[in-house]
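The next block holds one structure in the form of structure tokens; read it before the comments.
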Amino acid sequence: MTMKSSTRQVDGVTIVDLSGRITLGEGSIVLRDTVRDLLSKGQKKILLNLADVNYIDSSGIGELVSAYTTSKNQGGELKLLHLTKKVHDLLQITKLYTVFDVKDDEASAVKAFNQ
Amino acid sequence: MSSNRLSYTLDSTLETVNSAEETAGRMAAEAGFDDEEVMKISMAVREAAVNAVLHGNAYDPNKKVMLAFERTDHDLVIVIRDQGKGLDAGKIPDPLAPENLLKTSGRGIFLIRSFMDVVEIHPSRTGTELRMIKHVRPTADSKEAPQ
């Protein structure tokens, strides 16, 4: 399954709904291009909704890290929403779960950007 | 004691990575592993294939990746070999070290070690061989197949 990405705006936050696999190749490139495009347009509050991301490999993890640091370096903020168990477990074993700001509820995640 | 062995010679392409992952998932399921273990095994093989194709063979069309699966009574043994310069595992930084946490690469071998029971890396001047073993753990209600 290829990776798909769509964006929507909620209270000044750009929510990126991702689905499929974030893996070496197309999946990682879609994520990278989406985040870079948002940042270039000045949309710096980014919430990545990973509810429909069913698989991620080490390249995908690297791309999430890159999205996080790139956003931060450009004065933005990036949070993760609705991790599947697989992605949650991967972020746990790589010790990245505490690096990312991970949310379970969209409304409170949006609110957290604006506090 | 019984043993089944399958081996493939593959091109140094992204398609090889995907096909190695799919084949590993199929072999692991056939060996009787549950869904979570199948995912871990197929992911370990994917990461090993990425190392072989990208870091070992560097997408060189003249270099091949050898992938072999062996199912014994107790183990699923997977060997993946490239024709690169040889990986120096001692030089791979610890991805869990605080200074490396935000690096965008370097987690592949760590994930392989996390997901498999035994991992051996044998580098040489003609390539790297990575040997992974997952022990088959019979479930409480498993029975001997009828003779």
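Just so you know, all these numbers are worked out from the coordinates, no wet-lab data involved. Fair warning: this is a prediction, and the values are worked out from it, not measured in the lab. Every residue, glycine as well, gets a Cβ built from its backbone with ideal geometry; the counts of neighbours run over all protein chains shown.
Quick look at the numbers
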quantity: Hydrodynamic radius (Kirkwood) for region A:1-56, which is based on Cα pairs only, to one decimal in Å; calculated: 11.3 Å
quantity: Charge dipole (debye, nearest 20) of the protein assembly as shown; +1 at Cβ of Lys and Arg, -1 at Cβ of Asp and Glu; calculated: 740 debye
quantity: Rg and Dmax [Cα atoms of the protein assembly as shown; Å; Rg one decimal, Dmax integer]; calculated: 20.1, 69
quantity: Angle between chain B longest axis and helix B:14-30 axis [Cα atoms, degrees, rounded to 10]; calculated: 20 degrees
quantity: Cβ neighbours within 10 Å from other chains - mean over A:3-9; calculated: 0
quantity: Cα long-axis angle, helix B:35-50 against chain B (0 to 90 degrees, to the nearest 10); calculated: 30 degrees
quantity: Average silhouette area of region B:2-147, convex hull of alpha-carbon atoms, in square nanometres; calculated: 9.9 nm²
quantity: Residue-averaged beta-carbon neighbours from other chains (10 angstrom radius) around B:14-22; calculated: 2
quantity: Shielding of B:95-107 by partner chains, average beta-carbon count, 10 Å; calculated: 5
quantity: Bins of 10 Å, starting at 0 and running to the largest distance - Cα pair percent for chain A; calculated: 15, 53, 31, 2
quantity: Kyte-Doolittle mean at least 0.5 and Cα axial length at least 15 Å: DSSP H helices in chain A; calculated: none
quantity: Centroid-to-centroid separation of region A:76-113 and region A:10-49 [C-alpha atoms, Å]; calculated: 14 Å
quantity: Residue-count net charge about A:T23 - beta-carbon cut-off 10 Å; Lys, Arg +1, Asp, Glu -1; calculated: -2
